[in-house]
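These notes concern the structure reproduced below.
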Amino acid sequence: MKHSSGLTTEELEKALGTYYRALEPYQLGPRPADAGMFERVSQRRDLWPFLRVAASLGVVGSLLGVLLVPRFFGAVPVAAPIALSPASSAETGMQVDRAGLMRSGGIWATRGSQLFTSTDNGSTWQSGTFPVPGSTGVQPIVDVFVLDSQHAWSVSLALPVTSETPLTGLAKLSISRTTDGGRTWQQTDAPSQCTYPTARLSFADIEHGFLVCADVGIIARTVDGGATWVVAGACSNLGSAIVASDQSTLWAAQSQASSGPASVLVVSRDEGQTCMSVPLPGLDSAPSNATLSAPVPPTFTDAAHGLVAVSVDVPLQSPKVEFFRTTDAGQTWTEVSKQLAGHFNQMAEVAQVADGSRLVTVAAQHLSVSADDGSSWQEFDAAGLPENEAITWIAFTDASNGVALVFVGPGPSGLMQTNDGGRTWHAANVGVRH
């Protein structure tokens with residue numbers, strides 16, 4: 001189908017995808033947890049032709065406007081949970097700002113000032129509410145981490161952004177925490193060395209967590225559930241796709257274009273005090289003009305068993321995703337599969353797989369699934385997803401159940417669910433259990 005710009009739907013999707021990737025470092029509003037289609041910056045693409053495409057469609061203003069959607073935090077008790085009213089049709093899914101997998105295995109989502117969690121693959125949902133400060137201005141949420149249905153943390157700007165106090169790269173941060181599913185929150189300042197915009201959170205358990213500010217190379221940690229934070233160390237080549245595999249071990253992968261194989265994956269085994277590059281077999285032979293990045297953070301099913309995916313994008317070649325697995329707490333890594341991109345020559349997205357049992361890539365509505373470390377693949381077009389809309393994030397809690405965020409225009413994304421391994425999808429029914 002041709003649009004008024006002269007582009008086909010597939011060409012337009014790629015154009016807007018590049019536009020969003022280029023803007024991601026300046027994004028103030030909601031972003032999907034872990035990874036999404038618009039997080040990687042492709043150095044070989046020229047941004048300006050795509051900006052002209054967006055302008056011709058009259059959407060540049062609205063695209064920029066969504067980057068300033070206010071998300072509020074404070075440190076006051078909140079009202080009883082309330083239900084999320086449907087905001088879109090069954091074809092586009094319930095609209096949410098963010099979604100992710102809880103470390104305990106469930107699903108979480110946010111919309112506006114509400115936090116939703118589900119421990120039964122989306123059949124029922126529990127609701128909490130983010131506090132709203134009394135001051136004027138906006139305090140964008142930078143990141144959210146949900147451990148289980150009761151314990152969650154968020155990092156946001158410490159002070160509201162107003163016309164008198166514009167946002168800068170040195171903006172201070174604060175961290176909020178809840179231990180009762182979002183009914184009440186407590187707030188503390190992040191270490192002053194950690195500043196906007198690349199702060200990311202990851203917790204190994206209720207007490208032990210990390211705050212990574214990749215733009216300044218700072219790692220902060222907490223041992224009391226986020227009540228206090230201290231700077232543990234500073235590291236170079238620090239990526240923002242992070243995961244704590246245990247109380248003292250933090251993995252950080254480059255979610256955007258890396259400077260070389262040595263910076264794709266970094267690990268700290270001493271609570272963030274020092275870091276070292278992690279060699280992944282075969283990446284050192286990639287062409288010098290290759291763009292390497294991690295579409296999603298590494299996945300660990302326990303402290304010993306982990307999986308990391310690396311996107312390899314070489315100009316004038318079909319991009320691919322390479323999967324690496326460890327069974328010895330990351331001391332050694334083995335390449336288990338290479339998967340070419342899917343339809344329309346787009347970079348294949350990688351689904352976060354909570355149980356580590358499968359490898360999954362997705363391009364548009366086309367999924368590729370392997371249950372044997374990439375030896376064989378099943379490929380199929382998913383049914384029930386909004387037509388011609390890109391999946392910006394996808395994750396599976398087990399071999400059958402999964403969730404996805406679908407790009408349906410500026411603003412919140414559509415939340416969809418599957419119960420048959422991704423073959424068919426339906427709108428998430430986000431409600432309240434009690």
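Brief remarks follow.
- Once backbone amide H atoms are built at 1.01 Å from N, ARG183 has THR129 as its partners under 5 Å, excluding neighbours fewer than 5 places away on the same chain.
- Electrostatic bookkeeping for LEU359 treats Lys and Arg as +1 and Asp and Glu as -1; over the other residues with beta carbon under 14 Å from its beta carbon, the sum is -3.
- When LYS338, LYS320 are sorted by how many other C-beta atoms sit within 10 angstrom of their C-beta, beginning with the fewest, the order is LYS338, LYS320.
- Taking TRP229, TRP185 and counting other C-beta atoms within 10 Å, the order from fewest to most: TRP229, TRP185
- Each listed q (0.23, 0.26, 0.27 Å⁻¹) maps to a log10 I(q)/I(0) for the range 244-319 from the Debye sum over equal C-alpha point scatterers, namely -1.05, -1.25, -1.31.
- Each of THR179, THR198 was scored by other Cβ atoms within 10 Å of its Cβ. Listed from fewest to most, they are THR179, THR198.
- By average C-beta atoms within 10 angstrom, highest first, the peptides 247-257, 293-303: 247-257, 293-303
- Compactness check for the range 186-249: Cα Rg over 2.2 N^0.38 Å is 1.01.
All of the numbers you see were taken from the coordinates with simple rules; none came from a lab. Note that the structure is a prediction, hence the values are computed from the model and not measured. Cβ sites come from the backbone with ideal geometry, for glycine too, and all protein chains shown count toward neighbours.
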